[in-house]
Amino acid sequence: MRSNSSTSMAHTLSFVSVRQSPPLSSNFGLTHGLLDSAAEQLMVQKDFQAAFDTCERGLESLLNAEQEDSRYGELKAALCIVGIQALAELNQWPGVLAWILQHYECPEKIPAKIMQMCILLYTKVGEQAMMQEAGNVWLCCPSNGRLAGFGTVAELYLLHILVPLGHMTEARELVFGEVGRIAFTEDQKQTALDIVENKENLSQEQPPSPSPNPSPVVVAAGLTTPQGAVIQKLEALLRLLNRGLSVASAGSFPLRRVFLAVVLLYMLFVRMDPAHPSSFPWISRLLQMLKQMWDAMFAPYYRARAQS
């Protein structure tokens, strides 16, 4: 799956330029070099599998690093963002969330930018439900409420997960609950409420879509009615006449015209509702037979004119 490359590149470049003051230790220096290589493989060489493998090596190199150092979190997040992009390009998006959880252990510890990318990724592929539980756990974690990207995650979760999935009660609770108090202003709350109400109104106004294929029981019942029996006999008669006309001699040309006129008059004056579902298959087959008869009647005439 080709995801939004410009957005992903912007995220990647913003993390590649990790602060390098004070000087990097040996572990951080190695990891930073792997991050640069992964970004180049992803954006320049387009070797997505190599980029993902390099990210994995970079994450392994961080296992023995000092986690208290701020550069640890920046490098780890940057490697994960490049890895997410690589998995998306490899069409391995179903495993993105599980891969992130391998490195962050639980949803509450996932950085805000990575949570935003995961929501957008699963929205793009139409699998928002895969992020519903993780997003809810992340937003309900009190420590995440102090993060700079908390409001963006809450907005994406509301607009791209709860509303599309039809969870309107949960959407209202999010807006007017503790998450909404932290993430949204009063104007934003009103806007979110309007979106939820509009979605509900649209859902109520849309009639239930008809079944694309009628059930076998309904079709069978339609054929057992007196009208269905008459139509079946008429179809057999038309097929028989069509075969006779197709092998008839050229002298029967006026007879074919008369037969075609009779069929058209039948369609106009016989009491059969063309809008009724039971008439659709018969009308379709009748049109096919009329086309065959038309070819049988007029094709010799046009061929004779062309030869003359």
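Only the coordinates and a few stated rules stand behind these numbers; no lab work does. Note that the coordinates shown come from a computational prediction; the quantities given were computed from them, not determined experimentally. Using ideal geometry, Cβ is built from the backbone for each residue, glycine included, and neighbour counts are taken over all protein chains shown.
Based on Cα atoms of the stretch 123-207, Rg over Rh with Rh as the Kirkwood radius reads 0.97. Diffusion coefficient of the stretch 55-103 by Stokes-Einstein, Kirkwood radius over Cα pairs, 20 °C, 1.002 mPa s: 190 µm²/s.
Computed on the Cα trace of the stretch 38-173, the radius of gyration divided by the Kirkwood hydrodynamic radius gives Rg/Rh = 0.99.
In the structure shown, do any of Lys109/Lys199; Lys76/Lys199; Lys113/Lys199 have a Cα-Cα gap over 30 Å, and if so which? As for pairs spanning more than 30 Å Cα to Cα, those are Lys109/Lys199; Lys76/Lys199.
With the convex hull drawn around the C-alpha atoms of the stretch 76-150, the volume per residue stands at 78 Å³. Placing dummy labels 7 Å off each Cα toward the beta-carbon, the span from Ser203 to Phe176 is 1.7 nm.
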